[in-house]
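Below: one structure in structure tokens.
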Amino acid sequence: MLKLVAFTFLFALASARPQDVDSNRIVALPNDDLLVTDIGFEKIEAKPAPEVVSVDASYAYGVDLSVPATLSQMNCLKTSRYAAVFVRAFTPTGSGAFDTTSINNIRNAYSAGLGIENYMTPQPLSSLQGYQQLDLLYNGLHNNGITVRSVWIQVTSPANWQKPQPPMSISSIALSLITGNWATLSSDVLLWYWHVLGGGVTGETPATFDDFRAFGSFKAASVKQFAQVESVCSLTVNRDVYAVGIPAAAKSNVSGKFADVITDNNKIVVGGVVGV
Amino acid sequence: MLLKSVALISVLAVIAQSVPATVKVLPFVDSSLPVKFRQVIAEAAPRVPSNLASYAFGVDLSVPTSLSQLQCVKQAGYSAVFVRAYNPSGQGSFDQNACSTIQNAYNAGLGTEIYMTPQPSSSKQGYQQLDEIYQGLTQVGITVRSIWIQVTSPTNWPSNANNNVNFINSIVSRARQYGMTVGIYTSYYDWNQITNGWSSIGNDVLLWYWNVLGGGVNGETPANFADFRAFGCWTVPSVKQFAQVEQVCQLTVNRDVYAAGTMLKAADAVQEDGKMYTGGFISGNQ
């Protein structure tokens, strides 16, 4: 059963409603100084993250990343008390493509005994429809011996999303999620939300769900990203906390050494680590 | 086999394009999902605490107001009203409601600040939009001392950050020419999305930031600056919007705090010269 899960952040901001406008009564005035010739932009550098100190058995820590990670880095994550990695398996570059770094990331995470979830950063401006992009992810992993049980869809960065065009597609739904409260999403869609005060260590929020407020059809959250752009085991990652639940029922053999990583006919299975 | 069937949930189910025969046809859960939007209904806001000496409270609004409503706002413990003076609809226009709201606020003993919600996709340049505000208020005898520029809702801005920077700077430069104090109303995420983290806007530009967990009373954050983290060129904020879409005196407003020590008395809204002023109640000195 391929379960799709949604990862959203809602901006509670008013949007303009088009109306007719009065005629302009503008006096033309010189505007020579109004172009910025030297624009400075903030640069964000990943600093080392604080250590994981987990006193609550119902929460576990993970990192989400889209960079390649070696086996020793994955081992380091495990030693650093992270229980899972959320690996990007679809990249929005160009018209969107299967993210090939996910293959080794998943294999290394599996060898290190980490739980594995995967997420896709779709490309809403692509000529590829949403389901076609998901197909690329699914086939990309499947062709490399990886079975996908669930996927997280990244619906963030409104600047990258276009206004909705008919017919409805995943991008317009996501845009609705971004710009409004969509109350009719299916109830089996899980939520991975983020809340930081800024990038880096100083911008972290507490690694709990206390700041979650219901929106749209999401009454509860499953994962929270509470820190962004930090360095863990020399990887630039974001940090997450998730509710440790019972993974979706799986008729498979549990591999001996790593109880929380499941294989199916010698295929690595990703997804289902995060409970509802 | 774990994957007995591939069942896509309704997120993909609403893709209503025809599927070529070679692509596997998936059992859609609901192919005609109506997209509904939840209405946000403003509930009554909590009361302003009476013992907070260091912060003052304000409301920001874009709806028309009556004198009695603003008197009620004053009674409820608010010190200032942040009034929208520019409407982004269509090509953007001066918001006429600002005139009466500023007048009512003065009569009620409230300070006022004005903010503009610009229209970055307009054929009018940034400075032209500011000019409309300046002329609109000056014509009714209101002198504008400061202006806050709303830079939020990334979906309402074009995707080119450099163009957005130039647009905003057009407004900021024009405001400086008029001798106004300039501030930006934004959040770190909005700012990153819209301007790519523009950090050279100028040290004289103040910051009004927002942080809520959601709309309404349930989504409020504490009415203080403890959750502020430096971004852009800002290391301290002047105002924080901590609550959105709530009812105060039957007005749908957002709620704000600012450092109280910097606030001029509302009576200073009218100087000895008899002119009415708006703005200048918030300063950058913390």
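Taking 0.36 nm per intervening residue step and subtracting the Cα-Cα distance, what contour gain separates B:Asn163 from B:Leu67 on full extension? Don't skip to the answer; put the middle values down first.
Working: separation 96, 0.36 × 96 = 34.56 nm, distance 4.05 nm.
Length gained between B:Asn163 and B:Leu67: 30.5 nm.
Also, I was wondering about something else. Given a 1.4 Å probe, how much area per residue of segment B:55-278 is accessible, in Å²? Could you put the intermediate results ahead of the total?
Values: 7290 Å² over 224 residues.
I get 33 Å² per residue for segment B:55-278.
Please compute P(r) over all alpha-carbon pairs of segment B:55-278, binned at 10 Å starting from zero, and give each bin as a whole-number percent.
Calculated P(r), rounded to whole percents: 8, 35, 39, 17, 1.
From a point 7 Å beyond the Cα of A:Ser157 in the direction of its Cβ, which residues of segment A:64-106 have a backbone N at a distance under 19 Å?
A:64-69, A:86-102
Could I ask something else about it? Counting only protein heavy atoms and rolling a 1.4 Å probe, how much accessible area do B and A lose on contact, total for both sides, in Å² to 100?
6800
Here's a follow-up. Would you mind checking which residues have amide H under 5 Å from B:Thr143's amide H? H placed 1.01 Å from N; only 5 or more apart, or other chain.
It is B:Met276, B:Tyr277, B:Thr278, by chain and number.
If you don't mind, there's one more thing I want to ask. When the chain is fully extended, how far beyond the present Cα-Cα distance does A:Phe41 get from A:Asn265, taking 0.36 nm per residue of separation?
Answer, rounded to one decimal: 75.6 nm.
So which residues in segment A:124-139 end up with at least 30 square angstrom less accessible surface once the other protein chains are there, compared with the chain by itself, probe 1.4 angstrom?
A:Tyr131, A:Asp135, A:Tyr138
Per residue of B:211-220, how many C-beta atoms from partner chains lie within 10 Å of its own C-beta, taken as a mean?
If you average over the peptide's residues, the count of other-chain Cβ atoms is 4.
Taking each residue in B:152-158, count the Cβ atoms of any other chain within 10 Å of its Cβ, then average. What number comes out?
Counting Cβ atoms of other protein chains within 10 Å of each residue's Cβ and averaging gives 6.
Count, for each residue of B:227-233, the Cβ atoms from other chains sitting within 10 Å of its Cβ, then give me the mean as a whole number.
Average per residue, whole number: 4.
Highest first, please rank the peptides A:70-76, B:252-258 by the mean number of other Cβ atoms sitting within 10 Å of their residues. Each step should come with its number before you reach the end.
Details: A:70-76: 17.1, B:252-258: 23.1.
The peptides rank, most packed first, as B:252-258, A:70-76.
Still on this structure, I have one more. Pop the C-beta distance of A:Ser234 and A:Thr93 into the FRET formula with R0 = 25 Å and round what comes out to the nearest 0.05. Spell out each step's value before the answer.
Working: r = 24 Å, r/R0 = 0.95.
Once rounded, the FRET efficiency stands at 0.60.
Could you please state how large a percent of the accessible area of segment B:45-152 is carbon and sulfur, counting protein chains only and using a 1.4 Å probe? Don't skip to the answer; put the middle values down first.
Details: 1710 of 3790 Å².
Of all accessible area on segment B:45-152, carbon and sulfur atoms account for 45 percent.
Moving on. Enter the Cα centre distance for the pair segment B:98-147 and segment A:197-235, rounded to the nearest angstrom.
One Cα centre to the other: 38 Å.
Under unit Cβ charges (Lys, Arg +1; Asp, Glu -1), what dipole magnitude, rounded to 20 debye, does segment A:189-242 have relative to its Cα centre?
180
How far apart, in nm, are two points set 7 Å out from the Cα along the Cα-to-Cβ line at B:Ala226 and at A:Thr79?
3.7
Of B:Ser68, B:Trp208, B:Asn107, which is farthest along the charge dipole of segment B:55-278 in the positive direction, counting Lys and Arg as +1 and Asp and Glu as -1 at C-beta?
It is B:Trp208.
Could you order peptides A:188-198, A:206-216 by the average number of other Cβ atoms within 10 Å of their residues, highest first? Let's see the in-between values first.
On the way: A:188-198: 20.4, A:206-216: 16.5.
With the highest mean Cβ count within 10 Å placed first, the list reads A:188-198, A:206-216.
Among the listed pairs B:Lys124/B:Lys275; B:Lys74/B:Lys240; A:Lys47/A:Lys78; A:Lys43/A:Lys78; A:Lys78/A:Lys224, which are separated by more than 24 Å between their Cα atoms?
B:Lys124/B:Lys275; A:Lys43/A:Lys78
Would you please give the residues with an amide H less than 5 Å from that of A:Ala227, counting only those at least 5 places away or on a separate chain, with H modeled from the backbone geometry?
Residues meeting the criterion, in which the H sits 1.01 Å from N, are A:Arg239.
The values are calculated or read from the model by the stated rules, or taken from the named source; none is laboratory data. Nothing here was measured: the structure is a model prediction, and the numbers come from that model. For neighbour counting, all protein chains shown are included, and Cβ atoms are generated from backbone atoms with ideal geometry for every residue, glycine included. Areas reflect the complete protein model, heavy atoms only, side chains present, ligands, DNA and RNA absent. Shrake-Rupley method; radii C 1.70, N 1.55, O 1.52, S 1.80 Å.
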